[in-house]
1. Mind listing just one residue for me: the one in region A:23-51 that is in contact (Cβ under 8 Å) with a residue 12 or more places away in the chain and loosely packed, with under 14 Cβ neighbours inside 10 Å and, of those, farthest from A:GLY103 (Cα to Cα)?
2. What's the total number of residues in region B:234-254 that are among the basic types (Lys, Arg) and not in a loop (DSSP other than H, G, I, E, B)?
3. Which residue out of B:ALA115, B:ALA122 is in contact with a strand residue (DSSP E or B) (Cβ under 6 Å, 6 or more places away or on another chain), more than 19 Å from B:ALA307 (Cα to Cα), outside any strand (DSSP E or B) and among the small types (Gly, Ala, Ser)?
4. Can you tell me which residue within region B:371-383, out of those that are assigned to a helix (DSSP H, G or I) and more than 9 Å from chain A (Cβ to nearest Cβ), is nearest to the chain's Cα centre (by Cα)?
5. Residue check: is A:ARG96 within 11 Å of another protein chain (Cβ to nearest Cβ) and either surrounded by 20 or more Cβ atoms within 10 Å (Cβ to Cβ) or in contact with a His (Cβ under 9 Å, 6 or more places away or on another chain) (or both)?
6. Taking the condition of being part of a helix (DSSP H, G or I) and at pLDDT below 95, how many residues in region A:57-80 meet it?
7. Show the residue pairs that are 6+ apart or on different chains and have beta-carbon atoms under 6 Å apart, the first residue being within region B:384-398 and more than 7 Å from chain A (Cβ to nearest Cβ), the second being assigned to a helix (DSSP H, G or I) and modelled with pLDDT of 95 or more.
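The values are calculated or read from the model by the stated rules, or taken from the named source; none is laboratory data. Values in this document were obtained by computation on a predicted structure and should not be read as measured data. Every residue, glycine as well, gets a Cβ built from its backbone with ideal geometry; the counts of neighbours run over all protein chains shown.
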Amino acid sequence: MKAAAGIDIGSTTAKCVLLRGKDIIGRSLNPVGVNIVRDAEEALRLALQDARLDRSEVGFVTGTGYGRFKISFGQLTVTEISCHAKGAHFLFPGTRLVIDIGGQDTKAIRVNERGEVADFAMNDKCAAGTGRFLDVCAGALGYDVAEIGPISMEARHPVKVTSTCTVFAESEVTSHVSRGKDPKDILAGLHASIANRTLSLLQRVGIEPEVTFTGGVSRNEGMVRALSARLGLPVNVSPLSQYMGAIGAALAGQERLDGGVAS
Amino acid sequence: MVDRYYAELDQAEKEKRPVAYMLVGGNLTEIVRSFGYEVVFPEIVALNCAIKHKSLDYILQAEAQGYGLDVCGYVKNDLGLQALGGNTPFGHIPKPDLLVCSFSGCYVYIKWWEALAETLNAPLFNFDVPYQRTEKPLKEDIEYMVAQLWDFIHLLEKRTGRSFDMAELKRVLERSRRAEELWVKYLEAGKHRPSPIEAYFEAVFYMFPINVLRGTDQAVRFYETVNAEVETRVKEGTYPVPEEKVRLVVEGVPPYTNYRTFWDFFRKWGAVSVAATYPKVGGLFDMGFYHDPSRPLESIAEYSLGAYVNQNWPLRRQLIRQYIKDYQADAVVIHGIKSCRSFTAGQGDLRDWLIHETGTPTLYLESDHEDPRYFAPAQIKNRMDAFFESLDQRRSSAAATPGRSTP
């Protein structure tokens, strides 16, 4: 049986997942630069390496994410909205609402019982409340973005961060620092601010359990906790959450293979 | 036809014939034409500038004069154009002898016309149109508007030195009515499956005569020709999209700065608009607001009152719901523009209402009609692709499971 590859070219990283039947047999994650074609090829090469598989064993390649049209060696392109829905449904079949927070986008996707998109909403023309927002604010506090989640969970008196703009939030963080606020409390405030912003997006499509959190920001435990607290609902997160788009793309390819479409 | 219209305007200025500026919604073109005026619609001039990729030059000029980022793009296009001498790629726009603020539903319009009155030193007549808050026009509203129309007529008599000729107005209205009926016939062709017309992108091109040349023989001839062409399309099986996959109702003003690009995003998915609200902005003729030569001023008042953006939201919703049913539409696409609050405010609620109350899949997109800085092609395309993908997916699932209807 041939494998299906799903490649998700996002704003900051390229992810590739190899699927054979229902099994994820390989995956990769690498940064995205200006040469998207090369980054996509590299993502596939690394995933093949991870699966110890030869390129000829891949029967179908599906691209997703903003860079999907650059995946010249693929047979299909699908939006990341459909892919995240499909991927979330695959890992958590009870999913009815997907929250995807990536580098530049936040998406709320309502999903039906078959994992199809019933409705969606996205942030518009502004990257406040996305991964980039956390990057900038972590930098302003002198942390790496990977560390801030756990630190935010140690806060005792979270501050209020009111800004709805990434650039202004950075100045607000600097102002809290100069007033001697504990970085843990500032970080907790930042996470709560994103959770509030995300909530309004989720309300536009309708909140219904189960809720599955995907995208790079879902690796941040502080964000998972802030969202869950704001929603008053548990939130599904998988170690593969960042790969959800690529998983969905691979599933779309797998469906084509099952339907008899050859590469 | 459009070239001829602008050439005629240029000629009118050279011959010192009177020129009136007017707004599209609920306009009073028949009355001013019966007094020999040429009519300029600055909104239409602005959208022509946007289609020709010139609007940003004029907008930047207006911003340099102090108009803010959030001011309507039509307003800034017009004021910038006036400041730069009125020369467009399609002709020179003459200065007005009279400004007729023919629609008061938008507060910005009044301020725009006041700014023109001050900078161009032209007299301003403000036609106060009450908001349409009931399904049928109220008798009191009609009387109030007819009284204003007589004031307007007296003003025109004074300015032109000509006496009002009711017989001439009736003749103009007769031609208007004929063009309106033919226009409605064209729009209703969208009920066929597959649709022989594109009721948004194509109809926007074809609405020029109904807004600008209403009351002329030229407008009547144009719609006769268009309808003959539509009949040929049906006979020969040539349709706007070769394979109709999705039938849409479209609401909102188009992004004129990226018109073709936006249209291509629909065509790629085999999506065709079978009905749309925006081409009715000059008059909801398909809802029965026709001009009637036997009741000239009353019917002009009813027509002005029935302008699309003068309707309250429950009426706008019902209209869209009716279109979905009558035109067998699968989904609705709403394009909001940051410039126009009177068209756009409430569209977010409309989206929710369509999804939750009528079960119609609805997509909301946002950019601007005049300002190219607000059109983000990658984001818009991504949303549209995801929307059409989800429609496709649900249709495939429904087909695979007989007995289940597509949501």
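1. Ranking the qualifying residues of region A:23-51, first place goes to A:GLN49.
2. Let us first name the residues in region B:234-254 that are among the basic types (Lys, Arg), namely B:235, B:245, B:247.
If we keep only those that are not in a loop (DSSP other than H, G, I, E, B) as well, we get B:235, B:247.
Within region B:234-254, residues that are among the basic types (Lys, Arg) and not in a loop (DSSP other than H, G, I, E, B) number 2.
3. Details: B:ALA115 fails: in contact with a strand residue (DSSP E or B) (Cβ under 6 Å, 6 or more places away or on another chain).
The conditions single out B:ALA122.
4. Initial filter on region B:371-383 (assigned to a helix (DSSP H, G or I)): B:372-374, B:377-383.
Still in the list and also more than 9 Å from chain A (Cβ to nearest Cβ): B:372-373, B:377, B:380-381.
On the way: B:PRO372: 19, B:ARG373: 22, B:PRO377: 23, B:ILE380: 22, B:LYS381: 24 Å.
The qualifying residue nearest to the chain's Cα centre (by Cα) is B:PRO372.
5. Details: within 11 Å of another protein chain (Cβ to nearest Cβ): no; either surrounded by 20 or more Cβ atoms within 10 Å (Cβ to Cβ) or in contact with a His (Cβ under 9 Å, 6 or more places away or on another chain) (or both): yes.
No; evaluated as a whole, the condition is false for this residue.
6. Initial filter on region A:57-80 (part of a helix (DSSP H, G or I)): A:57, A:68-70, A:80.
Imposing the further condition that a residue be at pLDDT below 95 reduces the set to A:68-70, A:80.
Total satisfying the criteria: 4.
7. Listed pairs, sorted by first residue: B:MET384/B:PHE265.
Conditions (1) of a type in the set (A, V, I, L, M, F, W, C); (2) within 28 Å of B:GLU244 (Cβ to Cβ); (3) in the same structural domain as B:LEU284 (by TED's automatic domain parsing), marked per residue:
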{"site": "B:GLU140", "(1), (2), (3)": "no, no, no"}
{"site": "B:LEU155", "(1), (2), (3)": "yes, no, no"}
{"site": "B:ARG159", "(1), (2), (3)": "no, no, no"}
{"site": "B:TRP183", "(1), (2), (3)": "yes, yes, yes"}
{"site": "B:ALA189", "(1), (2), (3)": "yes, yes, yes"}
{"site": "B:ILE197", "(1), (2), (3)": "yes, yes, yes"}
{"site": "B:PHE201", "(1), (2), (3)": "yes, yes, yes"}
